[in-house]
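Data block below; observations after.
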Amino acid sequence: MEIAWHQILGHRQPIARLRTLLREGRLPHALLFAGPEGVGKRRVAQALAASLLCLGEGELPCGRCASCRALRAEDGAHPDFIALAPEGKSVKSIRIDAVRQMQAEAARRPTLSRRRVVLIDDAQCLNETAQNGLLKTLEEPAGAVTFILVTTAKTALLNTIVSRCMTVGFGPLPAAALAAALAARGIPQQEAQNLAALSDGSFHRALQLEEGGGLALRADALTFLKERPQLTPLTVFDRGALMGDWPREKLAEWFLCLHTLLRDLLVLYENGASPLLYHKDLRQELAACLPAYPAGTVLRLLALTEEAQHRLLSNMNLRLLVEGFFLHSMEQ
Ligand SMILES: [Zn+2]
C-alpha cells in the first residue's frame, strides 16, 4: 500500500495535526477519521499506520525499514498491522466474529514493530453488536495498540464509540487540486476540470465518472433537455429501446446527471450569476434552455426523475421504466 505522506492529495491541516501529535508522542490510541467518501481518509490512515509501525528515526515513515518494506510490498501484509473491512456485497457489514478475531490478534505482543495498528475501514458498517464488542477494547486496549476507525457516516456510530476516539475531520478536496491530480494522470485539462467540478471533491467519484463515461452521459442528458420539447412518441420508444439495454448503474448515472441539470435550471431562474450552479461550465447552454422550461415544468420533471431514480432500486423492467419516464416527460 501507499504509505508516503507527500503522495496524499490535500488535507494539509489534519495531516499536520496528526504528524505533530505523532512527533510529540501524544497521539491518542483511538482515532476516528470522518468525512465524505473518496477524499483520501484511508490514504491518511495508511500513512499514519506506517508511521506508527516504522522502525526508523526522524521523519516517519522512513520508507526503508523492514516494517515499511512489509507494508509497501504487493500484499501489504505486516504482522502487526490488522485491517478490518466490511464483508458482503449487497449488505455490507462488519460482524462481531470479525471484531473478536481482531481483538485476539491485537492483544498479542507485536512481532516486528513496537506496537500494533488496527485500521477499521467503513466503520459505519460495524453492526450494533460489533460496536458494543469494540467498546471495551477502545476503552482499555490490551498492550500497545492504536485503533484508526475510518467512516463516511459518523452518525451511524454509537456515541460511546465516538466519545472514546479523537475525531479527525476530512472535508471535500478543492476542485483545483482535484483537477490537477486528474491531469497528472493523463486526463486532458478541460476534461479534468469538468470531472473535478462534477465530483463533489471526491477523487474516487471523479475517477468513477471518468471510467463510466460520466461526461458523455451528462452531454446526453443535456441533449434530452434540449430535444424534449420536440419529442414524439416514436422517438421516445427509440430512446426507450436504446437506454432500456443499459446497465442499471449507467442509467442511475444518467438520471443523476439529469437531476442536477434540472436543479441548475431552477438556480438559473433565481439568479443567472449564481455560484451555486453544479454544472458551471454549461451555464450558457442551460440558460438557452430556459424559455422552454417554465419553473412548473422543471419541478414536474424533477419529480419524475426522482421517481425513476427510486424505481431503479427495484426490480422493475428497465425498458418499461425508461419508456414510462420519457412518455410522462412529454406532457407539458
Ligand atoms: Zn520505516
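Screening segment 59-85 for residues that are open to solvent by 30 Å² or more (accessible area, probe 1.4 Å) and more than 15 Å from the ligand (Cβ to nearest atom) and picking the one that is nearest to residue 153 (Cα to Cα) gives 85. Taking each residue of segment 228-254 that is free of Cβ contacts under 8 Å to residues at least 40 places away in the same chain and looking for partners that are β-branched (Val, Ile, Thr) and open to solvent by less than 60 Å² (accessible area, probe 1.4 Å) with beta-carbon atoms closer than 9 Å, six or more apart or interchain, yields 242/322. Within segment 70-113, the set of residues being within 16 Å of residue 147 (Cβ to Cβ) and among the charged types (D, E, K, R) comprises 80, 100, 105, 108.
Scanning segment 214-227 for residues that are open to solvent by 30 Å² or more (accessible area, probe 1.4 Å) and in contact (Cβ under 8 Å) with a residue 24 or more places away in the chain yields 215, 220, 226.
With the condition kept exactly as written, say whether any residue in segment 46-56 is among the small types (Gly, Ala, Ser), more than 10 Å from the ligand (Cβ to nearest atom) and assigned by TED's automatic domain parsing to the domain that holds residue 109. For segment 46-56, residues among the small types (Gly, Ala, Ser), more than 10 Å from the ligand (Cβ to nearest atom) and assigned by TED's automatic domain parsing to the domain that holds residue 109: present. When residue 1 is tested against (1) open to solvent by 50 Å² or more (accessible area, probe 1.4 Å); (2) of a type in the set (A, V, I, L, M); (3) closer than 15 Å to residue 204 by Cβ, only condition (3) is not met. The set of residues from segment 86-115 being within 16 Å of the ligand (Cβ to nearest atom) and either β-branched (Val, Ile, Thr) or open to solvent by less than 20 Å² (accessible area, probe 1.4 Å) (or both) comprises 111, 113. Among the residues of segment 275-287, none is identified as open to solvent by less than 80 Å² (accessible area, probe 1.4 Å) and without any contact (Cβ under 8 Å) to a residue 12 or more places away in the chain. If you go through segment 131-156 and keep only what is open to solvent by less than 60 Å² (accessible area, probe 1.4 Å) and closer than 21 Å to residue 43 by Cβ, you end up with 146, 147, 148, 149, 150, 151, 153.
The values are calculated or read from the model by the stated rules, or taken from the named source; none is laboratory data. What you see is a predicted model, and the numbers here were worked out from it, not measured in a lab. Every residue, glycine among them, receives a Cβ derived from its backbone with ideal geometry; neighbour counts consider all protein chains shown. Only protein heavy atoms, including side chains, enter the accessible area calculation; ligands, DNA and RNA are left aside. Shrake-Rupley method; radii C 1.70, N 1.55, O 1.52, S 1.80 Å.
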